[in-house]
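Peer 1: Below is one structure. I have some questions about it.
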Amino acid sequence: MSFALPSHAFFWNKKDKALEKELQGKGYAGTLPNLGDKIEKTKTKVTTPIFESQDGFNNPSDLKPVPKDNPAFINIIQKKDKTSEFTNDAAEIIPMLEKLVDCIDDNENLQLFITKANLLTLNIDNLTEKYNGKPESYYESFRKLQEVNRYVKSIAALRREAVTYQRYLAYSSSGSIYNPDNINQQLQYLLEELNSAILLLRSDG
């Protein structure tokens, strides 16, 4: 038994074969069409700089030296430290003053007091030698340190002598200066002077 295909079936079959022949070698597995003629080539644009170039800009010999003698450069660009040398030297003594204050407040033993007192007086002596006769010697902080130095040396000597002479002079009028009450009174006076010097030095810094 045979079947006859509709007349339009032959037309579509012939059309499919023609399309297949036309697309043969093209598409995904074939070559892409040439689109170069349809795309406008990119043109290189030339821009003009907003400033004029200078020959030898990177040449080290053409660079100007740093204006070290210019006060504006030293004070503004370099941020020069305007703190005086004396102020810096005096500031180093502040921790020594504070340690002696703590020593008195904590009622530490004589040996620690003498050690801290000697360190303080040694540094004040060095500062005095460095600035004595110079304009800094007229500073209030300089004079205050001289006063404190004398008090510290005097009371340190008093406490050392008291250990030796107190028991021998206990019943004489000469022994009254070594009396513990007198020594404590002198320490409190020294404490006030130390704190006053610390406040003065900090305000100057």
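The values are calculated or read from the model by the stated rules, or taken from the named source; none is laboratory data. As the structure is a prediction and not an experimental result, all values here were calculated from the model. Neighbour counts run over all protein chains shown; Cβ positions are idealised from the backbone, glycine included.
A quick yes/no check of all residues on (1) modelled with pLDDT under 95; (2) surrounded by fewer than 12 Cβ atoms within 10 Å (Cβ to Cβ); (3) within 19 Å of I104 (Cβ to Cβ):
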| position | (1), (2), (3) |
| --- | --- |
| I155 | no, no, yes |
| I177 | yes, no, yes |
| D181 | yes, yes, yes |
| N195 | no, no, yes |
| D204 | yes, no, no |
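Peer 1: When you look at N118, is it part of a helix (DSSP H, G or I), within 14 Å of D89 (Cβ to Cβ) and either aliphatic (A, V, I, L, M) or at pLDDT 95 or above (or both), yes or no?
Peer 2: When the stated conditions are applied, N118 does not pass them.
Peer 1: So, I198, is that one over 33 Å from the mean Cα position of the chain (by Cα) and assigned to a helix (DSSP H, G or I) or not?
Peer 2: No; evaluated as a whole, the condition is false for this residue.
Per-residue answers, yes or no, for (1) at pLDDT below 95; (2) surrounded by 14 or more Cβ atoms within 10 Å (Cβ to Cβ); (3) within 19 Å of Y189 (Cβ to Cβ); (4) touching a strand residue (DSSP E or B) at 6+ places or on another chain (Cβ under 8 Å):
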{"residue": "N70", "(1), (2), (3), (4)": "yes, no, no, no"}
{"residue": "I74", "(1), (2), (3), (4)": "yes, no, no, no"}
{"residue": "D81", "(1), (2), (3), (4)": "yes, no, no, no"}
{"residue": "D89", "(1), (2), (3), (4)": "no, yes, no, no"}
{"residue": "K99", "(1), (2), (3), (4)": "no, yes, yes, no"}
{"residue": "D105", "(1), (2), (3), (4)": "no, no, yes, no"}
{"residue": "E108", "(1), (2), (3), (4)": "yes, yes, yes, no"}
{"residue": "F113", "(1), (2), (3), (4)": "no, yes, yes, no"}
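Peer 1: So for segment 158-175 (the condition being within 18 Å of E108 (Cα to Cα) and either modelled with pLDDT of 95 or more or surrounded by 16 or more Cβ atoms within 10 Å (Cβ to Cβ) (or both)), does at least one residue qualify?
Peer 2: Within segment 158-175 (the criterion being within 18 Å of E108 (Cα to Cα) and either modelled with pLDDT of 95 or more or surrounded by 16 or more Cβ atoms within 10 Å (Cβ to Cβ) (or both)), the answer is yes, since at least one residue qualifies.
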